[in-house]
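Below is one structure, written out as structure tokens, with a few remarks after it.
Read-outs: derived from the displayed coordinates by stated rules, not from any lab. A quick note: this is a predicted structure, and the numbers were derived from the prediction, not measured. Virtual Cβ from ideal backbone geometry, glycine too; neighbours counted across all protein chains shown.
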Amino acid sequence: MSVVLVPRSSALAAFRQRMDAVTIRIGVLLLVAWLFIIIALPLWALLSKGFENSSGAFVGLDNFVTYFSTPTLFNSVFNSFWVALLATAIVIPLAFGYAYALTRSCMPFKGLFYAIALLPLFAPSLLSAISLIYLFGNQGVLKTLLFGHTIYGPLGIVIAQVFYCFPHALIILMTALALADARLYEVADALGTKPSRVFRTVTLPGAKYGLVNAAFVVFTLVITDFGIAKVIGGQFNVLATDAYKQVVGQQNFSMGAVVGMILLVPAVVAFAIDRVVQRRQVALLSARAVPLQPKQQGLRDAAMTAYVACLAVLIIGVLGTAVWASFIVYWPYNLALTLKNYDFGTFDAAGWSPYFNSIKMAALTALIGTATIFTGAYLVEKTRANSIGRSIAHLLAMLPVAVPGLVLGLGYVFFFNAKWNPLNIFYGTMLVLVVNSIAHFYTVAHITALTALKQIDPEFESVSASLKVSIWRTFRRVTVPICMPAIFDIAIYMFVNALTTVSAVIFLYSPSTKLASVAIVHMDEAGFTAGAAAMATLILVTALAAKLLHLALNRLFFFRAQAWRTR
């Protein structure tokens with residue numbers, strides 16, 4: 001009998017490969033379990049709560065019958081829908097004109113105007129409502145322009161939502177208009193087609209999917225936003241404030257779950273329609289296409305510059321009003337400058353702690369969220385083990401995009417606060433706020449990571465396997481460095497959104513974990529609008545500083561660690 005001796009190095013490499021396969025399967029299972037805990041189970045808890053009474057007994061559709069038979073509650077559905085439709089009808093044309101000017105004209109200072117338009121992304125939604133109160137409220141300097149109407153109600157909600165949603169629509173429409181085939185416009189020009197007809201028959205059809213997508217995004221943002229309606233809505237009830245009143249004000253959790261499910265319907269419908277529309281989308285640029293380069297036209301460029309400049313001034317004016325008011329002694333009677341409004345202890349017993357809690361929560365969300373989301377995307381995209389588990393993980397990762405923050409927050413209340421749940425020891429802690437924020441913004445970050453990973457040739461993993469290199473070493477030494485710009489993008493996205501969110505966390509904080517966005521709501525409720533403006537200004541400045549740091553790190557990383565990208 002002969003004995004075959006296997007080299008020690010080959011046996012060790014084979015053992016490492018087996019361990020890689022085992023760890024990948026375990027990793028996929030842990031990813032699925034993680035997504036079930038932070039996304040699926042809280043939503044299940046919300047859905048089940050809507051069919052129970054206050055004692056937890058099953059009552060079927062009784063809660064829904066009660067809701068729709070109560071006029072004051074049912075009117076909120078109608079109010080939310082028409083306000084969302086009106087805001088969408090205003091935002092889309094404004095954003096389309098702004099995006100068209102930036103992409104299809106030769107106007108100057110395009111980068112500056114685009115940066116100004118994105119400023120509302122770095123502020124909590126409540127900031128625009130606070131500014132409108134200073135401008136058009138009971139002591140507003142411009143309240144005479146309303147001709148006797150009040151800003152507290154649907155008028156204020158619509159105007160504030162237009163300001164808040166404008167950059168979201170602009171980003172989508174900029175992408176839709178950035179790509180166009182110049183040959184279509186050259187043919188139209190050669191045939192002597194009028195510019196209005198070219199716009200109607202070439203430009204609009206080419207951007208229709210972007211328009212539809214932007215409309216659904218804005219509609220969903222408006223109908224699910226809590227902060228603006230709470231600050232400037234007055235006695236005008238909408239679904240988001242109804243959920244808050246039922247849960248926080250009346251401790252009626254079953255009715256709060258009903259409102260949450262109603263809020264979930266438009267978001268899910270919008271997501272489903274968006275999926276259908278995307279399947280019908282065709283490529284705008286073929287291999288033979290010629291990218292469109294706008295030509296200089298003096299009169300048109302001047303008109304578009306004037307249009308963009310007017311909107312930019314309005315955006316700066318709204319932001320600037322809240323920032324300026326945070327340094328004013330007593331608006332509008334004593335306009336002397338002061339720092340007393342930043343002494344938050346005089347407005348809220350928590351003082352400065354909500355601001356530092358927000359920084360801590362946003363930083364942990366960025367660190368933990370970026371690591372888990374990118375690793376999870378790697379398991380879904382770059383591994384081949386456990387295909388069913390990877391499909392389930394991808395489905396769960398895509399779910400939060402159709403779930404409003406307020407709905408997810410309610411789900412966390414019912415799930416993590418349940419007596420039967422061993423995880424209820426974490427309820428009211430910073431960890432729940434971090435996990436909730438990760439779940440809330442999971443989908444966009446997951447798609448960003450997948451996009452970056454899809455750009456890497458699978459040969460990297462194949463070569464690593466042939467050389468008996470551990471897949472995790474390849475992940476650490478090759479994949480992560482290549483995808484570092486995308487990882488930075490995910491981190492800053494998670495940080496800024498966690499810093500500014502209010503809807504998802506309004507039900508989850510405790511006295512020791514109160515956040516800045518929640519403190520703004522409470523200070524405004526107590527009549528301390530100046531203190532609320534000061535806290536909102538701090539969030540804005542912090543978010544902008546984080547974005548500037550992100551740009552600096554990106555530049556440093558690209559010029560040094562990413563030198564291989566340049567020839």
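Summary of computed values
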item: For Ile328, residues with placed amide H under 5 Å, excluding near neighbours; result: Thr338
item: Euclidean distance of C-alpha centroids, the range 358-406 and the range 108-167, integer Å; result: 34
item: Estimated FRET transfer efficiency when R0 is 51 angstrom, pair Gln250-Val480 (beta carbons, to 0.05); result: 0.55
item: Peptides ranked, highest mean first, by Cβ atoms within 10 Å: ranges 43-50, 305-312; result: 43-50, 305-312
item: For Ser470, residues with placed amide H under 5 Å, excluding near neighbours; result: none
item: Positive-end residue of Leu431, Pro205, Val403, charge dipole of the chain with Cβ unit charges; result: Pro205
item: Value of [θ]222 nm, deg cm²/dmol, for the chain, DSSP H segments ≥ 4, -39500 (n - 2.57) each, nearest 500; result: -21000 deg cm²/dmol
item: Mean Cβ count within 10 Å, highest first, over the residues of peptides 352-362, 226-236; result: 226-236, 352-362
item: Peptide ranges 117-126, 91-100 listed from the most packed, as the mean C-beta count within 10 angstrom indicates; result: 117-126, 91-100
item: Spin-label proximity, Thr346 to the range 497-532 - amide N less than 12 Å from point 7 Å beyond Cα toward beta carbon; result: 530-531
item: Using a Förster distance of 60 Å, the FRET efficiency for Leu118-Phe74 (Cβ separation, nearest 0.05); result: 0.95
item: Full-extension gain in nm, Lys454 to Leu395, via 0.36 nm per residue minus C-alpha separation; result: 19.5 nm
item: Compactness of the chain - radius of gyration and Dmax, Cα, Å; result: 26.0, 104
item: Given charges at beta-carbon only (K, R positive; D, E negative), |dipole| of the chain in Debye; result: 1820
item: Ratio Rg/Rh [Cα only; Rh per Kirkwood] for the range 15-71; result: 1.41
item: Residue-by-residue Karplus 3J(HN,Hα) for the range 418-426, coefficients 6.51, -1.76, 1.60, Hz, glycine and proline x; result: 6, 5, 6, 8, x, 7, 5, 5, 8
item: Stretch gain in nm, segment Ala57-Lys419, where the contour uses 0.36 nm per residue and the Cα spacing is subtracted; result: 128.8 nm
item: Theoretical gain in end-to-end length, Ile368 to Lys295 [0.36 nm per residue, Cα-Cα removed]; result: 21.6 nm
